[in-house]
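Undergrad: Okay, here's the structure, questions in a sec.
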Amino acid sequence: PSGGTKYEKLLPLLNDPEAAITLIRTQKNDTEFEQEILALLGDRPYAYYNYESVQGVENAERSDLTPLLNQHDKHLFIVLPSGEVDVDRILASLASAQTNMQARSQHVPEFTVVGHSRWNRYTNIDRTTFFKDKVVLFSNFHAKRDSHEVLHFDKRYLRIFGTLPTLYAYRGYEVAVIFCPAMFSDIEYDMEGRRYHPLQTYYTFEQPEGRLSPINREWVKVSYNPDFTITIE
């Protein structure tokens, strides 16, 4: 899909008048992601928060995000660090602050965390914090293995090839479903305005002015829910 439509599904979160927007950063941040977010924010109010991870019980307060949570009743946190360790520590700190407030019977403000799609490639991050912190990611493709369509595909694939499919196999199947009909019909294959949903990812095609080929404009919004389910939009 076109990079220009990557964060269209983020706009409802940014436009929530009740949510305070905070960009959490460290010493090493993803500058490209930050610039994309700043361009989307426009004249919306937001604040930066400089997160500092300090090891040791005596310095625990410097990594405690409870004061940040207590500033507002509803938050939208956008986590900017480029490193896996920093991302993991921030998500863990938010989850810990939430748990501590609940244990003390304190009101826990509502919050959502927006991250970069590369978080899905991190191998050492604690995935349970994705659910506890209600992480939202935007990806050009996602296959949720417990969905009916993907489970059915997996069974057929396993029966034929003797192994579970990779993400590459899912994407190859979807490309075939979308484009192979053109090989047996009109070579022009007008795709303007067509919407496809072969397995789980949606494809909506449009042909921008000045381009010879259509472009997919659908990015997938992946939401991790506190009940340990994943919602795909």
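Undergrad: Can you tally the net charge around Lys28? Count Lys and Arg as +1, Asp and Glu as -1, for every other residue whose Cβ sits under 12 Å from the Cβ of Lys28.
TA: Value of the local net charge: -3.
Undergrad: Okay, moving on. Return one number: the angle in degrees, 0 to 90 and rounded to the nearest 10, between the long axis of the Cα atoms of helix 167-183 and the longest principal axis of the Cα atoms of the chain.
TA: Once rounded, the angle reads 30 degrees.
Undergrad: For the chain, with every protein chain kept in place, what is the accessible area per residue (1.4 Å probe, Å²)?
TA: Per-residue value: 57 Å².
Undergrad: Now, a different point. What GluC sites (Glu not before Pro) in region 47-147 are in a loop by DSSP, with at most 14 other Cβ atoms within 10 Å of the Cβ?
TA: Glu52
Undergrad: If I fit a long axis through the Cα atoms of helix 148-161 and take the longest principal axis of the Cα atoms of the chain, what angle between them do I get, 0 to 90°, rounded to 10?
TA: Approximately 60 degrees, to the nearest 10.
Undergrad: Provide the packing ranking of 146-153, 196-203, i.e. peptides ordered by the mean count of other C-beta atoms within 10 Å per residue, highest first.
TA: Per-residue Cβ counts within 10 Å, averaged per peptide and sorted highest first, yield 196-203, 146-153.
Undergrad: Right, here's the next one. Summarise the long-distance tail of P(r) for region 126-231 by giving the % of C-alpha pairs beyond 20 Å.
TA: It works out to 52 percent of all Cα pairs.
Undergrad: More than 19 Å apart: what percent of Cα pairs in region 1-104 qualify?
TA: 49
Undergrad: If you fit an axis through the alpha-carbon atoms of helix 84-103 and take the longest principal axis of the Cα set of the chain, what angle between them do you get, 0 to 90°, nearest 10?
TA: In the chain, helix 84-103 runs at an angle near 60 degrees to the longest axis.
Undergrad: Nearest 500 deg cm²/dmol is fine: what mean residue ellipticity at 222 nm does the chain get from its DSSP H runs of n ≥ 4 alone, each adding -39,500 (n - 2.57), divided by its residue count?
TA: Result for the chain: -9500 deg cm²/dmol, rounded to the nearest 500.
Undergrad: Just order 16-24, 154-162 by mean Cβ neighbour count inside 10 Å, highest at the front, would you?
TA: 16-24, 154-162
Undergrad: Which of rounded, prolate or oblate describes region 106-179 when judged by the alpha-carbon gyration tensor and an a/c cut-off of 1.5?
TA: Cα axes put region 106-179 in the prolate bin.
The values are calculated or read from the model by the stated rules, or taken from the named source; none is laboratory data. Worth saying up front: this structure is predicted, and the values here are computed from it rather than measured. In this analysis, Cβ positions are derived from the backbone assuming ideal geometry, glycine residues included, and neighbour counts consider all displayed protein chains. Heads up: the accessible areas ignore ligands, DNA and RNA and are worked out on the full protein's heavy atoms, side chains in. Shrake-Rupley method; radii C 1.70, N 1.55, O 1.52, S 1.80 Å.
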